[in-house]
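Take a look at the following structure, please.
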Amino acid sequence: MSIDIETARRVAHLARIRVEEEELPALAGELSGILTFMEELNEVDVEGVEPMVSVTPMRLKRRADVVTDGDIQAEVLKNAPDAREGFFAVPKVVE
Amino acid sequence: MLDLTFEAPKPKVIQGAKSEWELVIGMEVHAQVSSNAKLFSGASTRFGAEPNSNVSFVDAAMPGMLPVINEFCVEQAVRTGLGLKAAINLRSAFDRKNYFYPDLPQGYQISQLYHPIVGEGEVIVEMAPGVARRVRIERIHLEQDAGKSIHDMDPAMSFVDLNRTGVALMEIVSRPDIRGPEEAAAYVGKLRQILRYLGTCDGNMQNGNLRADVNVSVCRPGAYERYQETQDFSHLGTRCEIKNMNSMRFIQAAIEYEARRQIAILEDGGKIDQETRLYDPDKGETRSMRSKEEAHDYRYFPCPDLLPLEIEQAWVDDIADRMPELPDAKKARFMADFGLTDYDASVLTAELDAARFFEEVAKGRDGKMAANWVINELFGRLKKEGHEIGESPVSAAQLGAIVDLIGKGDISGKIAKDLFEIVYTEGGDPAEIVEARGMKQVTDTGAIEKAVDEVIAANPAQVEKAKANPKLAGWFVGQVLKATGGKANPAAVNELVARKLGL
């Protein structure tokens with residue numbers, strides 16, 4: 001599978017990564033290379049093999065339904081470029 | 001065994017300019033899980049807190065923070081699945097749904113696209129006695145809610161509150177089995193009732209704790225039946241999704257509008273674009289959400305921060321053992337055990353608190369009489385004052401005591417209403433009030449006979465008339481009841497009046 005320049009531009013936009021126009025051909029080439037390698041992997045017969053999700057036998061860790069966190073408004077807002085009256089303030093998002 | 005035999009309601013038919021059309025509706029209901037803490041963090045879910053105070057570094061998506069699942073939210077999803085007679089998947093997994101929006105700091109929502117925790121189930125939506133729609137549930141998955149953006153506090157800025165970010169939602173996805181706007185609202189109502197019975201979602205639509213995305217398409221009569229036979233969607237029209245509605249009334253209005261919009265396009269030779277639309281309640285119309293179009297490429301992939309969610313059958317069985325009685329079963333039991341009508345049983349089981357209240361009143365008493373007093377007197381009075389059953393000044397024990405007094409013949413039905421009023425406004429023990437205020441019904445025939453004799457003696461002209469026309473005996477009964485302050489037993493008065501007049 002090959003990625004064309006238009007697709008590379010679109011993927012970059014979806015990921016909100018700014019890629020200059022002249023860098024797009026190289027990026028498209030790299031993405032194509034990765035997907036070609038994936039296609040090679042796809043040739044391996046994995047019929048009946050469970051996908052491995054962890055290298056050690058682990059169970060998903062659970063927490064109890066208890067409030068143990070929060071009430072740190074100042075810390076949460078500390079890195080925000082702009083915050084007012086306890087809210088994050090962002091450029092107007094019009095729907 | 002429950003008797004759940006019913007026939008399907010007729011689909012809604014809309015007359016277009018050229019031909020008849022039918023509606024096909026499927027819904028995605030987002031129900032906020034009732035829990036103390038969020039799905040993947042220890043922050044509170046409490047509504048109405050200071051902005052950004054129910055936020056942990058996990059919710060704010062600070063670098064390096066990892067999600068840890070709240071086991072109770074998983075239990076709630078399982079309980080909901082069992083309540084909808086659904087298959088529980090012992091192995092489910094979380095995926096990332098990627099999009100950018102200011103109230104989604106992670107840049108993705110953790111959801112369950114490929115392996116949801118709950119599989120196929122059903123909801124029976126009653127439209128009239130014996131008429132119900134069986135709506136198939138396709139799946140329920142667990143996911144994170146987003147935050148809240150406020151756009152009207154500043155002309156140039158939007159304000160973001162992350163308190164809701166990461167709160168657990170159950171997305172309940174139905175099959176396209178709903179056939180009209182009323183059915184859609186009834187489906188949401190039934191789902192809400194079941195969730196409230198289960199205690200898995202409070203169903204508060206005003207606060208946004210229950211909201212629905214509605215998929216609407218139209219087709220010619222007959223096409224839907226072909227879809228049901230084959231499960232082949234190509235028999236159905238192209239659908240549009242109306243997003244995020246939190247009112248039954250808006251859901252109905254939006255479906256009505258959307259159906260007519262699609263019919264007009266199709267009859268004009270046009271084509272429906274599959275798209276997401278928003279309902280504008282002020283204008284009463286739906287409009288396209290073009291801005292989100294591109295963002296529809298969500299690039300789902302398994303969430304690398306979370307192992308698959310594996311649960312044990314024994315745990316599911318344990319939850320199943322602790323299931324409460326659900327609305328359909330409770331209603332059927334009320335009808336069977338207390339001899340209630342379909343309507344009364346529906347009213348009394350609509351809310352769990354009301355059902356509990358009624359059962360306490362009816363226990364060991366005449367069920368029909370108890371239902372009558374709970375629905376007509378108590379609910380009527382509470383509704384007039386805008387109160388919920390939980391705020392009732394009359395307790396179940398007090399209302400039960402009033403029913404007892406009527407049952408024993410201590411008070412008449414009319415006096416009972418006065419007594420109810422006293423108990424409602426002043427409180428107190430009904431039996432003591434009756435005793436203290438001399439409200440007891442006179443069943444002593446001697447006393448009643450004396451009153452009857454007096455009325456007859458005082459009205460010789462009426463006596464002559466009544467002898468000619470026995471229907472006029474009722475006038476004497478009325479006079480006697482009046483003379484005794486409504487305390488004479490009406491049946492005894494009737495009998496005595498008839499005898500004394502020689503009727």
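Within region B:334-344, is there a residue that is within 30 Å of B:Glu258 (Cα to Cα) and either out of contact with any His (no Cβ under 6 Å at 6 or more places or on another chain) or surrounded by 13 or more Cβ atoms within 10 Å (Cβ to Cβ) (or both)?
The answer is no, given that none of the residues of region B:334-344 is within 30 Å of B:Glu258 (Cα to Cα) and either out of contact with any His (no Cβ under 6 Å at 6 or more places or on another chain) or surrounded by 13 or more Cβ atoms within 10 Å (Cβ to Cβ) (or both).
For region B:419-465: of the residues being charged (D, E, K, R) and not in a helix (DSSP H, G or I), which is farthest from B:Gly502 (Cα to Cα)?
Let us first name the residues in region B:419-465 that are charged (D, E, K, R), namely B:421, B:426, B:429, B:432, B:435, B:437, B:440, B:444, B:449-450, B:453-454, B:464-465.
Among the residues that remain, those that are also not in a helix (DSSP H, G or I) are: B:429, B:437, B:440, B:444.
Working: B:Asp429: 42, B:Arg437: 35, B:Lys440: 29, B:Asp444: 21 Å.
Of everything passing the filter in region B:419-465, B:Asp429 is farthest from B:Gly502 (Cα to Cα).
Another one. Return the residues of region A:73-83 that are open to solvent by 30 Å² or more (accessible area, probe 1.4 Å) and at the interface with chain B (Cβ under 7 Å from one of its Cβ atoms); say none if nothing qualifies.
A:Gln73
Among the candidates B:Arg220, B:Arg299, which residue alone is touching a strand residue (DSSP E or B) at 6+ places or on another chain (Cβ under 9 Å), of a type outside the set (S, T, N, Q) and more than 30 Å from B:Pro116 (Cβ to Cβ)? Steps first, answer last, please.
Working: B:Arg299 fails: more than 30 Å from B:Pro116 (Cβ to Cβ).
Answer to the check: B:Arg220.
I'd like to check something: does region B:101-109 contain any residue that is in contact with a helix residue (DSSP H, G or I) (Cβ under 6 Å, 6 or more places away or on another chain) and either open to solvent by less than 40 Å² (accessible area, probe 1.4 Å) or within 22 Å of B:Pro324 (Cα to Cα) (or both)?
Kept after step one, since they are in contact with a helix residue (DSSP H, G or I) (Cβ under 6 Å, 6 or more places away or on another chain), are these residues of region B:101-109: none.
Taking every residue of region B:101-109 in turn, none turns out to be in contact with a helix residue (DSSP H, G or I) (Cβ under 6 Å, 6 or more places away or on another chain) and either open to solvent by less than 40 Å² (accessible area, probe 1.4 Å) or within 22 Å of B:Pro324 (Cα to Cα) (or both).
Can you tell me which of B:Ile415, B:Ile411 is surrounded by 19 or more Cβ atoms within 10 Å (Cβ to Cβ), more than 28 Å from the chain's Cα centre (by Cα), outside any helix (DSSP H, G or I) and not hydroxyl-bearing (Ser, Thr, Tyr)?
Exactly one of B:Ile415, B:Ile411 is surrounded by 19 or more Cβ atoms within 10 Å (Cβ to Cβ), more than 28 Å from the chain's Cα centre (by Cα), outside any helix (DSSP H, G or I) and not hydroxyl-bearing (Ser, Thr, Tyr), namely B:Ile411.
Could you identify the single residue in B:Arg260, B:Arg356, B:Arg287, B:Arg365 that is assigned to a loop (DSSP other than H, G, I, E, B) and open to solvent by 50 Å² or more (accessible area, probe 1.4 Å)?
Answer to the check: B:Arg365.
Among the listed residues B:Asn459, B:Asn489, identify the single one that is more than 47 Å from the chain's Cα centre (by Cα) and among the polar types (S, T, N, Q).
Details: B:Asn489 fails: more than 47 Å from the chain's Cα centre (by Cα).
Selected residue: B:Asn459, the only one of B:Asn459, B:Asn489 that is more than 47 Å from the chain's Cα centre (by Cα) and among the polar types (S, T, N, Q).
Shifting gears a bit: Among B:Leu278, B:Leu266, which is surrounded by 14 or more Cβ atoms within 10 Å (Cβ to Cβ) and within 32 Å of the chain's Cα centre (by Cα)?
Answer to the selection: B:Leu278.
Still on this structure, please answer the following. Somewhere in region A:42-51, is a residue of a type in the set (A, V, I, L, M, F, W, C) and within 14 Å of chain B (Cβ to nearest Cβ)?
no
Do we have B:Tyr224 as touching a His at 6+ places or on another chain (Cβ under 8 Å), open to solvent by less than 60 Å² (accessible area, probe 1.4 Å) and in contact (Cβ under 8 Å) with a residue 24 or more places away in the chain here?
yes
Return yes or no: is B:Gly189 under 24 Å from the mean Cα position of the chain (by Cα), modelled with pLDDT under 95 and either assigned to a helix (DSSP H, G or I) or of a type in the set (Gly, Ala, Ser) (or both)? Talk me through it step by step, then tell me what you get.
Numbers: under 24 Å from the mean Cα position of the chain (by Cα): yes; modelled with pLDDT under 95: no; either assigned to a helix (DSSP H, G or I) or of a type in the set (Gly, Ala, Ser) (or both): yes.
When the stated conditions are applied, B:Gly189 does not pass them.
Tell me the residue from A:Val55, A:Val19 that is open to solvent by less than 70 Å² (accessible area, probe 1.4 Å), outside any helix (DSSP H, G or I) and more than 30 Å from B:Ser44 (Cβ to Cβ), please.
Going through A:Val55, A:Val19 in turn, the sole match is A:Val19.
Between a first residue in region B:148-167 that is more than 27 Å from B:Ser111 (Cα to Cα) and at the interface with chain A (Cβ under 7 Å from one of its Cβ atoms) and a second residue that is assigned to a loop (DSSP other than H, G, I, E, B) and of a type outside the set (Asp, Glu), which pairs have beta carbons less than 7 Å apart while being 6 or more apart in sequence or on different chains?
Filtered contacts from region B:148-167: B:Ala156/A:Lys92; B:Met157/A:Lys92.
The values are calculated or read from the model by the stated rules, or taken from the named source; none is laboratory data. For clarity, every value in this text was computed on a predicted model and none was experimentally measured. As a convention, Cβ positions derive from the backbone with ideal geometry for all residues, glycine included, and neighbour counts pool all protein chains shown. Only protein heavy atoms, including side chains, enter the accessible area calculation; ligands, DNA and RNA are left aside. Shrake-Rupley method; radii C 1.70, N 1.55, O 1.52, S 1.80 Å.
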